[in-house]
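Trainee: The structure under discussion is supplied below as structure tokens; questions concerning it will follow.
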Amino acid sequence: MGSTSDPVWGSGESNMLTAAVACHELGEELKLHRAALQLRVFELRRSSAKDKTILAELRAKQLELEASRNTKTARLSYLDLPHLEKIPPDQINGQTSLSESKSYRALRPTFKFSITTDCPIRSWHRHQSDGVKWDPVVCPEAGRKLTATARAKSFVKSNAELELYGWRKEVHVREIDQLKLSLTSLETEIDSVTGAAKRVDSRIDQAARDLSIIETELAICEQVDLEAVRKSTMLGPRSHDATRRQPYCDAGSVSGYATVLGLKSQVDAPKGITSTSDGLLLMSTMDACQAEFQSAKVTMERYCTQQRWAVSGDGKSEITAINRSLWDGFAPNIDFSSVLSKLSSPLSTDDEFLILVSECRQDIRQLQSAALQAKSELTLKLGQLPNSAKNGTRDGELYSAQRQLAKQSNALDRTCVWIKAEKQPVGVAAALRSTRYQGPGAKLEAFLSVYRGEMIRAGM
């Protein structure tokens, strides 16, 4: 456990930070952030320009396909009707025209027709020369076979001819089937191209929104935050603003310094924090801290409810002293010195890491143990006091301790949320990337510096 006189973990001269160093670290982090934003702006503009070209090509393709669909749809609408149309020769088997050129023949020429077709015969027309007489034409309704006989005069050149008609949709059935297949394929292709165009258009819209956001972030970085850091480097040591920032320098908290400067940039978290033993120790420590703080808060709140009324008179000074003892027990001034002192060299095995995590958790659990012990002592003392010593005066020390514990817990929660987030305040990212923290345990030292800054901001 750390010293109870100093509620800020691990603070001391070794952690002190000069305004120049703080401004340098924040400036470097902001420059990295600016470069990342500028690169993102360039990439978004390039990808958006490429997508606009792709979209133009897709829309041209879409128009081409739709034009083809319209043409084929019109052709299908024309063909797919029960209108009579002459059956073409390639769909007729047999002769449709017969003639007799021997005018000297005494016998009457006879023309016999036997015709089959590929499509149903819906009607026919007969043509003949003078003197040719037709017998009834034989063809069932919608049949595909027709027979007919025509008789000519003797000694006369003669001819007879049949024109066969079918419904247009039956005459062109093969073309209609092909058109339908083609239109189905075209619809599929149009849907695909239309969907692709919508996706590309959506990407362009999203890129425009992202670009607007990033350009705003870039303006904040360049015109607000970097300018604030530049102005801070020009402040004299005795200026009012410099005085306000000094506590954060004394605590070595570059994140706190960024907060008091009013920096607004949220930057991408440094990569690979959890990929090292040091980073895993940090994450495990934060989880353990939050769990133990929460447990301590619950215990304190329950006890404050039970002891709502304190004592006065002859027992007040004694109870006040015990309350201070209780505060000492609840004040989690952990500096992890036992763990950090053992991190003299990089962790080489998983077993070493697990041992250090266990020892770190053990350090934190001392908080709960000390608090419960102080509570037991106070309860015992209260039980020994005479009833006449109790007059219903509200005890401020106990509630003060409760408020202080809540402040510490809230500061820890904010610190843990920031460090685990993908987007971090620029000061937190600068602390995690700072070269002031070297060797094993560096990330834990950086974490403590962020926490110290939050404790100062909370007025502790």
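Quick grid of which residues meet (1) modelled with pLDDT of 95 or more; (2) surrounded by 14 or more Cβ atoms within 10 Å (Cβ to Cβ); (3) aromatic (Phe, Trp, Tyr):
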site: Cys23; (1), (2), (3): no, yes, no
site: Arg46; (1), (2), (3): yes, no, no
site: Leu98; (1), (2), (3): no, yes, no
site: Lys102; (1), (2), (3): no, no, no
site: Ala106; (1), (2), (3): no, no, no
site: Ser129; (1), (2), (3): no, yes, no
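Trainee: Out of curiosity, is Glu161 closer than 17 Å to Thr96 by Cβ and modelled with pLDDT of 95 or more?
Mentor: Criteria met by Glu161.
Trainee: Let me ask something else about it. State whether the residues of segment 109-129 include one that is basic (Lys, Arg) and not in a loop (DSSP other than H, G, I, E, B).
Mentor: Looking through segment 109-129, at least one residue is basic (Lys, Arg) and not in a loop (DSSP other than H, G, I, E, B).
Trainee: Can I ask one more? Determine which member of the set Glu170, Glu141, Glu163, Glu64 is under 30 Å from Glu189 (Cβ atoms), acidic (Asp, Glu) and loosely packed, with under 15 Cβ neighbours inside 10 Å. If you could, list the steps in order and put the result at the bottom.
Mentor: Numbers: Glu170 fails: loosely packed, with under 15 Cβ neighbours inside 10 Å; Glu141 fails: under 30 Å from Glu189 (Cβ atoms); Glu163 fails: under 30 Å from Glu189 (Cβ atoms).
After applying the criteria, what remains is Glu64.
Trainee: Further question on the same structure: From Gln223, Gln206, which residue is under 30 Å from Glu64 (Cβ atoms) and either free of Cβ contacts under 8 Å to residues at least 24 places away in the same chain or aromatic (Phe, Trp, Tyr) (or both)?
Mentor: Numbers: Gln223 fails: under 30 Å from Glu64 (Cβ atoms).
Result: Gln206 is the single residue among Gln223, Gln206 that is under 30 Å from Glu64 (Cβ atoms) and either free of Cβ contacts under 8 Å to residues at least 24 places away in the same chain or aromatic (Phe, Trp, Tyr) (or both).
Trainee: Which residues, taken from segment 66-92, are farther than 14 Å from Ile176 by Cβ and assigned to a loop (DSSP other than H, G, I, E, B)?
Mentor: Within segment 66-92, Ile87, Pro88 qualify.
Trainee: Would you check if Lys198 is assigned to a helix (DSSP H, G or I), farther than 22 Å from Lys31 by Cβ and more than 41 Å from the chain's Cα centre (by Cα)?
Mentor: It is false that Lys198 is assigned to a helix (DSSP H, G or I), farther than 22 Å from Lys31 by Cβ and more than 41 Å from the chain's Cα centre (by Cα).
Trainee: Let me ask something else. Would you point out the residue of segment 423-439, among those that are at pLDDT below 85 and out of contact with any helix residue (DSSP H, G or I) (no Cβ under 6 Å at 6 or more places or on another chain), that is farthest from Tyr248 (Cα to Cα)?
Mentor: Checked segment 423-439; the qualifying residue farthest from Tyr248 (Cα to Cα) is Gly439.
Trainee: I need the full set of residues from segment 111-138 which are among the small types (Gly, Ala, Ser) and either without any contact (Cβ under 8 Å) to a residue 24 or more places away in the chain or farther than 25 Å from Val171 by Cα (or both), in order please.
Mentor: First pass over segment 111-138, keeping only residues among the small types (Gly, Ala, Ser): 114, 123, 129, 131.
Result: Ser129, Gly131.
The values are calculated or read from the model by the stated rules, or taken from the named source; none is laboratory data. Since we're looking at a predicted model, the values are computed, not measured. Counting neighbours? That spans all protein chains shown, and the Cβs are built from the backbone with ideal geometry, glycine included.
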